[in-house]
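First the structure, in the form of structure tokens, and then the observations on it.
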Amino acid sequence: MRLPRQGIAAERKSGGEARTRPKRLHDSEGLYLEIAPSGGKWWRLKYRVGGKEKRLSLGVYPEVSLAKARGRRNAARDLLADGIDPSEQRKAEKQAAAGRAANSFEAVAREWYGKQAHIWVPHHAADVLRRLESNLFPEIGDKPIAEITAPMLLAAVRKIEHRGAYDLAHRVLQVSGQVFRYGVATGRCERDPAPDLRGALTPHKGKHQAAVTPNELPALLRAIDGYGDVGDKLTGHALRLLALTFVRTNELIGAEWREIDLDSAVWVIPATRMKMKTEHVVPLSRQAVEILHELRAVGGGSRYVLPGRNPDKPISNNTMLFALYRLGYKGKMTGHGFRAVASTILNEAGFRADVIERQLAHCERNEIRGAYNRAEYLPERRKLMQQWADMLAALAQGAQVIPLQRKTK
């Protein structure tokens, strides 16, 4: 029997003669090596099914050796002996592999992420993707989502725990649950195994943003009123506005004059700057409007309500936090703490929970509902914000009890 490698050597010796058609060097039982005019070499198997001649590719020479090509030939002939067309079998296997890839955990997770990312602020979207890519995709990303069990998911998350990142492990498990629930909804898996792991991870107490208690608020307000003695006036105004509006710190820092209508006493924060990507309306109390008029007078023409040393940029994220440190509230109060204390006091005073939640911008995740709700409860919210401002003024002036006793109507 003439071996293909011998034929190849002979082909090289012949040289010079131009060929326009592939040359075939036959081995046995239908196996041959096809040499293209360009020099490429492919193993192929010739066989018949139902009286029809067919060919099957078995790989490229020399990556696939003669011995390996013969093994593949034998496997294909075994299928033929069982009445299976090896070409059709290969197509079915490719389709199955493509289906597994399309329904892998990574594929489903990226599809879910694509549906959600547009409603998140950029840094949160980046955090979610990083948690998936760094922690879950290397462990279970290539596995069909329908085949992932609770023990498999636990093994992946425990690798995070072993690094001592207990809080991250819980966050990654939470994200995985959202992916699995999306997989259930889209018919790629039957259930979410994440709840089965409840209690399986090392408990971790989340770190909450520091906030004063309602009883400690009067002293804080008086300290802020005296901030001019230890810091700059603009930062003092920033702290007062944060207390009056209880928006998120980043929302206040990035505020621009074009968002604010002082005549109508309203501040409309665009969706692009909101955590939930939904436009938010902040009714402005008389006290807030007075502070804004003062800020406009000293702003130097900057488009920002709170310009930094460079008027083309706002104050930094740490400006108000460090101001609270200077007032003696390090570890006791943060910018976010104003939201917590406002929520506590207003709920205890009997204001409607729906009105408070809307003013805190705890928006509906449904973007259509959110579009209609930007001004929901606005008359009640105007009353709430003015009563809140009046209460803060009274406490700053020495009131001993919180003067909020009635519900909004």
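The values are calculated or read from the model by the stated rules, or taken from the named source; none is laboratory data. Quick caveat: nothing in here was measured; it's all calculated off a predicted structure. As a convention, Cβ positions derive from the backbone with ideal geometry for all residues, glycine included, and neighbour counts pool all protein chains shown.
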Going through (1) surrounded by 12 or more Cβ atoms within 10 Å (Cβ to Cβ); (2) within 30 Å of I148 (Cβ to Cβ); (3) at pLDDT below 90 one by one, A107 fails only at (3)
Determine which single condition R258 fails, assuming it passes every other condition in (1) surrounded by fewer than 16 Cβ atoms within 10 Å (Cβ to Cβ); (2) at pLDDT below 90.
(2)
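Residues checked against (1) more than 29 Å from E216 (Cα to Cα); (2) part of a loop (DSSP other than H, G, I, E, B):
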site: V247; (1), (2): no, yes
site: N250; (1), (2): no, no
site: V289; (1), (2): no, no
site: R309; (1), (2): yes, yes
site: M320; (1), (2): no, no
site: A323; (1), (2): no, no
site: M333; (1), (2): no, yes
On the basis of being at pLDDT below 90, over 13 Å from H280 (Cα atoms) and assigned by TED's automatic domain parsing to the domain that holds I224, does G370 make the cut?
no
Filter segment 257-278 down to residues that are assigned to a loop (DSSP other than H, G, I, E, B) and over 18 Å from M385 (Cα atoms) and give me whichever is farthest from the chain's Cα centre (by Cα).
P270
Checking S38 against (1) modelled with pLDDT of 90 or more; (2) among the small types (G, A, S); (3) part of a loop (DSSP other than H, G, I, E, B), which single condition isn't satisfied?
(1)
What number goes with the only condition from (1) of a type in the set (F, W, Y); (2) more than 27 Å from N250 (Cα to Cα); (3) within 17 Å of the chain's Cα centre (by Cα) that Y166 does not pass?
(3)
Out of G40, G71, G51, report the one residue that is of a type outside the set (V, I, T), farther than 23 Å from L25 by Cβ and assigned by TED's automatic domain parsing to the domain that holds R21.
G51
Give the residues of segment 22-65 that are among the small types (G, A, S), over 18 Å from K91 (Cβ atoms) and loosely packed, with under 13 Cβ neighbours inside 10 Å, sorted by residue number.
S28, A36, S38, G39, G40, G51
Could you give every pair whose Cβ atoms fall below 9 Å, whose first residue belongs to segment 264-288 and is farther than 19 Å from A243 by Cα and in contact (Cβ under 8 Å) with a residue 60 or more places away in the chain, and whose second residue is assigned to a strand (DSSP E or B) and of a type outside the set (G, A, S), counting only separations of at least 6 or pairs across chains?
E279/V268; E279/I269
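Can you pull out the helices (runs of 4 or more DSSP H) entirely within segment 140-227 that have at least 2 residues that are among the polar types (S, T, N, Q)?
Numbers: elements: 150-161, 166-185, 217-225.
Ranges flagged: 166-185.
Against the condition in contact (Cβ under 8 Å) with a residue 24 or more places away in the chain, out of contact with any strand residue (DSSP E or B) (no Cβ under 8 Å at 6 or more places or on another chain) and assigned to a helix (DSSP H, G or I), how does L239 come out, does it pass?
Numbers: in contact (Cβ under 8 Å) with a residue 24 or more places away in the chain: yes; out of contact with any strand residue (DSSP E or B) (no Cβ under 8 Å at 6 or more places or on another chain): yes; assigned to a helix (DSSP H, G or I): yes.
When the stated conditions are applied, L239 passes them.
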K68 touching a residue at least 24 places away in the same chain (Cβ under 8 Å), in contact with a Phe, Trp or Tyr (Cβ under 9 Å, 6 or more places away or on another chain) and surrounded by fewer than 16 Cβ atoms within 10 Å (Cβ to Cβ):
no
